[in-house]
Structures are given as C-alpha cells and as structure tokens.
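Reading through the structure tokens given below for one structure.
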C-alpha cells in the first residue's frame, strides 16, 4: 500500500494533532446498490428516451482507439448532432468508452473512473482488443476479455473501427437504452463480488478501497 | 573513427571495431573499463550525448549485452559501446554520474531484465509495471503466452491457424 494511504497522525498548522485513515475518511466502504426501475413503464420509457438522446462520454482514452474520437467530435463526422458529447470528469459522464487495449495499469484507473460515474451508466468496448485481446492476445500485461472486469453493454468490432462504425455503435447503445436493457450498473452491483474477484486477480497491487465513488 | 579507435584501443583494451556506417560504429569493452571509457568519450572526444542504453538477451550464449550509444553532435557520428555480462545475478556499474538520464534507462533494465545497477537513483522502485510478481518479462526464458493464459480470462472461440498448414488443408478439401 502507498504511504499516503496508510493510517497516520498528522500535525496541523495550529499544532493540533489528529489521526487520518485515508481508506476510512476519504472513501466510502459501502458496496454499490441495485437501483431497479421503480416507475410505471411509460415514465421509465420517457426517462430512457431522454437518456438515450444525451449520451455523454467520459473523455478517457485507454488505447489507440482514443484517436478515433477526434474525427468524431470535429465537423466531418460531428457526433454532437446525435446528442453525444465528451465530458472531462466521470461525474458528468454516463458512457465509459474503453477505446482499445487495456493494460492492467489502465484497467485499475478505468475501474476507478467507472465507479465514480453516476447511475445509470454504460460501458462500450471498442476494437477487437476489448473483445478477445486482438493483437495483444499473448501480451503479459493487457487483458483479453473486458466483460470479466466491467459490465459491458455493447462492443464495436474492428481494429480500429472507423468513425462510421462508432456512430453505428452509438445507435446500437441508444436502442439498448431505449429498450430498457442497459442495466450494466445494476449488474455490477448484483455481481459485485465476482467482478472484484476478477479485478483483483489481474491487478496485483490492489491499493485502493473496494469501491471508490 | 578509425583514428579514434587506434588511439583508444590499447588504453581501454577495446575489442574489435565494427563499422556499420561512416557515422556509426560498435565496439566491445570489458565491464570494468566501461565507466572510464565513457567519461573519456564525453569529456575529451566530444561524445556528449547518451542516445540510449539498452540490453539484448543472448540466452544461448548465457550473456546479456548492454549497448551504450553515444553521439557526437559536432561530427554527427555515433559510437555504440557494448558490454557482455553473465546472465545470472547480473550487476553493472551505474553511469548516472556521467549522464543523469541514464538512471531512467537503468531503472527500466532493472525491472525488465533484472540487471542491477547498485547506487543508481530509485533503481529498486517500480518503473512501468505495477505489482509484478514473476521473473522480469523481457528475459527470454519468460514465456509471455503462458503467463497471459494463466493470468487473463480468455474468450472461447478464438482460433489460430498456421497459414501453410491451413492452406494445405483447404486445398485437400478442394476449396483452396
């Protein structure tokens, strides 16, 4: 565990000493909860329609796929006309794009980013690396199957997928959200132990709380 | 470069000079003469820039080869200084006192090949890998496929074919 995460006594500027336990004080230990749809169908449909028409993506490029996002943002492909836009922080985003290969180091950061996002949240795996390892199938530090570690709603195949393929992928995720089938966050809460077991198997120096949000 | 080689040959007990191009040559030196040679190249001969420090794993000969590539800006030529070291418990004298940037290369070599450079700054800290618990991954006895299969979940259904064998099989089927 890193030094800054260890329990310690700190002396404040006024000479007052106090104890700090970062794992207790800065993070919440409570595991995520399921939030099943509670309203009548017509209201849920309205919500889902609104969600599907404003997909906000976390601007977190994990691999080479991040390069495909730039033409999508800019006027040639202009994903903004579909209500898709990129946000700088996980708190404002509801779609996490895993854009390409994920090394175990990046996986750790991707998990943190995912857990900090608000419900409802969706994950899209982009490129063949997230599906079965792609060209990194025998690498010692990239994962090969993303849905073992994060609940994936849909994949976009290709190495790399063209921006057109990404637009088609956004349409797919829209349809999934509209149909009320994008229950990734609930899946994650339901199978929390299973996901954590898989994550810890790969991330050897686990030095963060189990759930950081 | 040949003149330089002739003047330094006796003093540093240099091995044979391999002239790759007009502006690039490689030379082998004993491990205990390396530090001296590099200081001399930097301070007297004008090879002021360390381009890279890298290792090659000659597992068949049971040797590690370290290559220190140094560059002379004024004459626009490079010299690669090679050192051969035994593979087990490899230690090498650090050169971070000649070029501070070498410390980064030495950290990488420590992590990826397990070559120790005692006294180099932060050499025992993790460099790229986090929580690595196996043998250093760039050593050639490390089987990256086996490690990958053991550690990461695999999606079933992925097939690989040897192209020649696969084509032959297709031809026998009459589809090729």
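Each reported figure results from applying straightforward, stated rules to the coordinates on display, with no laboratory input. The shown structure was predicted, so the numbers you read here are calculated from the model rather than taken from an experiment. Counting neighbours? That spans all protein chains shown, and the Cβs are built from the backbone with ideal geometry, glycine included.
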Quick one: if the Förster radius is 45 Å, what FRET efficiency do residue B:40 and residue B:126 give, using the C-beta to C-beta distance and rounding to 0.05? 0.85
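Sort largest first and round to whole Å: the equivalent ellipsoid semi-axes of the range B:1-67, each the square root of five times a Cα gyration tensor eigenvalue.
On the way: eigenvalues 86, 38, 37 Å².
So the three semi-axes of the range B:1-67 are 21, 14, 14 Å.
What translational D, rounded to a whole number of µm²/s, comes out for chain B from Stokes-Einstein when the hydrodynamic radius is the Kirkwood one over Cα pairs, at 4 °C and 1.567 mPa s?
Values: Rh = 19.0 Å.
D = 68 µm²/s.
What average count of beta carbons from other chains do you get within 10 Å of the Cβ of residues in B:138-144? Intermediate results must be reported in sequence, preceding the final value.
On the way: counts 1, 0, 0, 0, 1, 2, 4.
Mean partner-chain Cβ count within 10 Å for B:138-144: 1.
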Average projected area [Cα convex hull, the range A:17-88], square nanometres: 9.2
Expressed in nm², what is the orientationally averaged projection area of the convex hull enclosing the Cα positions of the range A:1-133? 12.6
Before anything else, pin down the relative contact order of the range A:101-213: Cα pairs under 8 Å, at least 6 apart, normalised by residue count, whole percent. 31
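Antiparallel versus total DSSP beta bridges in the protein assembly as shown: what percent is that, nearest 5? Each step should come with its number before you reach the end.
On the way: 28 of 46 bridges.
Counting DSSP beta bridges with both partners in the protein assembly as shown, the antiparallel share is about 60 percent.
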Shape descriptors of the protein assembly as shown over alpha-carbon atoms, Rg and Dmax in angstrom, are 27.5, 91
Within the range A:167-193, find all residues whose amide N lies under 20 Å from a label point positioned 7 Å from the Cα of residue A:50 along Cα-to-beta-carbon. A:174-186
Expressed in angstrom, Rg and Dmax over the Cα atoms of the range A:53-202 are 14.3, 43
Once both labels are modelled 7 Å past Cα along the beta-carbon direction, what's the residue A:21-residue B:11 spacing in nm? 6.5
